[in-house]
Amino acid sequence: MHKANALARALGLKEVYVKDDTVNPTYSFKDRPATVAVSKAVEFGSKAVGCASTGNLAAATAAHAAKAGLPCYIFIPASIELNKIVQATAYGANIIAVKGTYDDANVLAAQAAEIYDWALVNINIRPYYVEGSKTLAFETCEQLDWSPPDHVIVPVASGALLGAIRRGFDEFRKLGLIENSKIRVTGAQPHGCSPVVDAFKSNSDEISPVEQPDTIAKSLAVGNPGDGLYAVRNIRETGGVAESVTNEEIVEAIKLLAKTEGIFTEPAGGVTIAVLKKLVESGVVSTDEKIVCYVTGNGLKSPESILEHVPKPVEIEPSLESLTTLSMLGGV
Ligand SMILES: *Cc1c(COP(=O)(O)O)cnc(C)c1O
């Protein structure tokens, strides 16, 4: 947890914290659910573990499987770029590329789990997987010295993370570890895949799936979120809001967080910061709220998302003369 004073100042806020999950063992928050799920699989005596995923979950499941000494099977749609699964491959996972959509890969994985006795972390042992993310709420309380935030901003794909964070706070409240105060839980999604935001804003109790997600925030591109309705309810019940941001706003937020706090996030974390900025500007977040932003994955996962939006290096001759003419050095 970082106290983000420079970010707070840039946004005109008093107290902002960044819960930094960019530096977990596999560089995203998915280590939290994956480690609980793989531990459960070991306890159950499962023959292998795996998941259906296109990125962060594949890497986390594969790493924890390697450590547990279990074979790992990962189902992906055949269309995804190989650099998205190179990390999982390095940990020794078996990658099965299904010629079809993500949903086709998911359905086949579920069928395979039954006949081969596999524990697939986000499918047949999902209830355990989800528990792991509660540690994001537990650690937040502990690291804020048991004085919880007023408002937390959470990126939303399937909605499982947001629900787990809310439950984590509720459980600590029931145990008397934190006060009985309200913590607003806000959901952040990218334009181009914002079914939870759309349902929240239209006051609907139904999620309209997004057929073709189109966003640089690939980790959040879940068009038909399994826990989407629960996410909408959790947001409403806690007095939070749901908001979405454009690719341009995401890129600006990635750069803002990097320059103010020295934290380099993938676009999902940019969505969190961009939503905070938007909510401050629209007055939904008041300047004296104590806010925690969940930044859930490392920028090195997808450098291509900002490559075109950062300055190119300046080229010079290998001479002092050439160096000292550079305007960025501001003269000798
Ligand atoms: C998976 C993921 C999320 C969202 O998690 P859900 O539980 O599916 O809502 C957010 N950020 C990153 C980086 C992720 O990989």
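The values are calculated or read from the model by the stated rules, or taken from the named source; none is laboratory data. Every value quoted in this text rests on a predicted model; they were computed, and no experiment measured them. Here Cβ is always computed from backbone atoms with ideal geometry, including for glycine, and neighbour counts include all displayed protein chains.
For this structure, a couple of remarks:
- Selection within segment 26-60 - of a type in the set (Val, Ile, Thr) and away from the ligand (no atom under 12 Å from the Cβ): THR35, VAL36, VAL38, VAL42, VAL49
- Test: GLY192 is within 20 Å of THR35 (Cα to Cα) and small (Gly, Ala, Ser): no
- Where TYR116 falls short, out of the listed (1) buried (at least 18 other Cβ atoms within 10 Å of the Cβ); (2) closer than 21 Å to ALA62 by Cβ: (1)
- Within segment 73-89, one or more residues are modelled with pLDDT of 90 or more, under 26 Å from THR22 (Cα atoms) and touching a Gly at 6+ places or on another chain (Cβ under 6 Å).
- Candidates GLY223, GLY283 - the one that is within 16 Å of the ligand (Cβ to nearest atom) and either small (Gly, Ala, Ser) or crowded, with 22+ Cβ neighbours inside 10 Å (or both): GLY223
- Strands (runs of 3 or more DSSP E) (entirely within segment 115-220) containing at least 2 residues that are more than 13 Å from the ligand (Cβ to nearest atom) and within 19 Å of the chain's Cα centre (by Cα): 151-155, 184-190
- Those helices (runs of 4 or more DSSP H) lying entirely in segment 245-332 with at least 2 residues at pLDDT 95 or above: 247-261, 267-281
- Within segment 5-25, the set of residues being among the polar types (S, T, N, Q) and either surrounded by fewer than 16 Cβ atoms within 10 Å (Cβ to Cβ) or part of a helix (DSSP H, G or I) (or both) comprises ASN5 only.
- A single member of LYS40, LYS47 is among the charged types (D, E, K, R), in contact (Cβ under 8 Å) with a residue 40 or more places away in the chain, surrounded by fewer than 19 Cβ atoms within 10 Å (Cβ to Cβ) and not assigned by TED's automatic domain parsing to the domain that holds LEU256, and it is LYS47.
- Out of GLY269, GLY228, one residue alone is within 11 Å of the ligand (Cβ to nearest atom), under 15 Å from THR296 (Cα atoms) and surrounded by 19 or more Cβ atoms within 10 Å (Cβ to Cβ). It is GLY269.
- Check on ASN106, surrounded by fewer than 18 Cβ atoms within 10 Å (Cβ to Cβ), among the polar types (S, T, N, Q), under 21 Å from the mean Cα position of the chain (by Cα) and under 25 Å from GLU266 (Cα atoms): no
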